Structure formats: C-alpha cells, structure tokens
Amino acid sequence: MADNMLNDAVAATAFRRLVAHLQHRTDVQNIDLMGMAGFCRNCLADWIAEADGAMSRDDARAIIHGMPFSEWKQRYQGEATPEQIAKMQESVAKNADTH
C-alpha cells in the first residue's frame, strides 16, 4: 500500500485543485455531496482543523469555502429536502468504519 502513496507536493497540488473546484461549484449543495460521497466541504474543513491541531473549525471552513461559512451558507445553501437528508444518512452510515 505504501507504494501507492502520493508525495506531499502532488497531494498538496491535487488538494488545492479540489478546494478551488468546490469553491467554484457553489451550485452543488453540501447535503448532496454527503448523500453521494459521504463527505462535504465542512467535513473536509473539519479534517484540516483536526490535522492541524491548532486551527479552529471556523478558520478551516473559511479556507475551504473561500469565505466565512456563515456567509457561504447564506449565499449558497438551500433548505435540505427530506429525500436529501435520508440519502445523506444512508451514505454517512457507510463511513462508520473509516472515520
């Protein structure tokens, strides 16, 4: 498995591209990301804060969203439907052994 590890420079470049992509695609709701992939922008930000150890969740979320989360939420986040919530819960349940 170690042979499949990315070096830090490649991983950092890909990560920055992912963040830019997520900032660009404001039409994609976090709830839909959760429903399909089992993680969203907030999860990614929380992982950054945990990895850093000294960074707050709010600071990490501002990095991922490109603005304070409260502002991003007001601008782009819609109300989740019952279907979206159910799909998210089903998807997140699959994460139990990986987090």
Quick tally, 1.4 Å probe accessible area for 22, 33, sorted with the most first, runs 33, 22
Of every hundred units of 1.4 Å-probe accessible area on segment 12-97, the number belonging to carbon and sulfur atoms, as a percent, is 54
Taking Lys and Arg as +1 and Asp and Glu as -1, residues besides residue 50 with C-beta under 13 Å from its C-beta add up to -1
Filtering the chain for DSSP H helices with an axial alpha carbon extent of at least 15 Å and a Kyte-Doolittle mean of at least 0.5 returns none
What helix-only [θ] at 222 nm does the chain give? Using -39500 (n - 2.57) per DSSP H run of at least 4, over all residues, to the nearest 500, the answer is -20000 deg cm²/dmol
Candidate cut points under trypsin sites (Lys or Arg not before Pro) in the chain, DSSP loop plus at most 15 other Cβ atoms within 10 Å of their own Cβ, are 25, 94
Residue span residue 47 to residue 81: 0.36 nm per residue of separation minus Cα-Cα distance leaves a gain in nm of 9.6 nm
Given unit charges at Cβ for Lys, Arg (+) and Asp, Glu (-), the dipole magnitude of segment 12-97 about its Cα centre in debye, nearest 20, is 280
In nanometres, the difference between 0.36 nm per residue of separation and the alpha-carbon distance of residue 36 and residue 10 is 6.8 nm
Sorting 47, 72 on solvent-accessible surface, 1.4 Å probe, most exposed first, gives 47, 72
Per residue, accessible area of the chain with a 1.4 Å probe, heavy atoms of protein chains only, in Å², comes to 71
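Given Cα pairs under 8 Å that are at least 6 residues apart, what percent is the relative contact order of the chain?
33
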Stokes-Einstein D for segment 12-97 (10 °C, 1.306 mPa s, Kirkwood Rh from Cα pairs), in µm²/s, comes to 118
For segment 7-50, the percent of all C-alpha pairs falling in each 5 Å bin, from 0 up to the bin holding the max distance, is 5, 21, 24, 29, 15, 5, 1
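The values are calculated or read from the model by the stated rules, or taken from the named source; none is laboratory data. The structure presented is a predicted model; accordingly, all values stated were derived computationally and were not measured. Using ideal geometry, Cβ is built from the backbone for each residue, glycine included, and neighbour counts are taken over all protein chains shown. Accessible surface areas use protein heavy atoms only, side chains included; no ligands, DNA or RNA. Shrake-Rupley method; radii C 1.70, N 1.55, O 1.52, S 1.80 Å.
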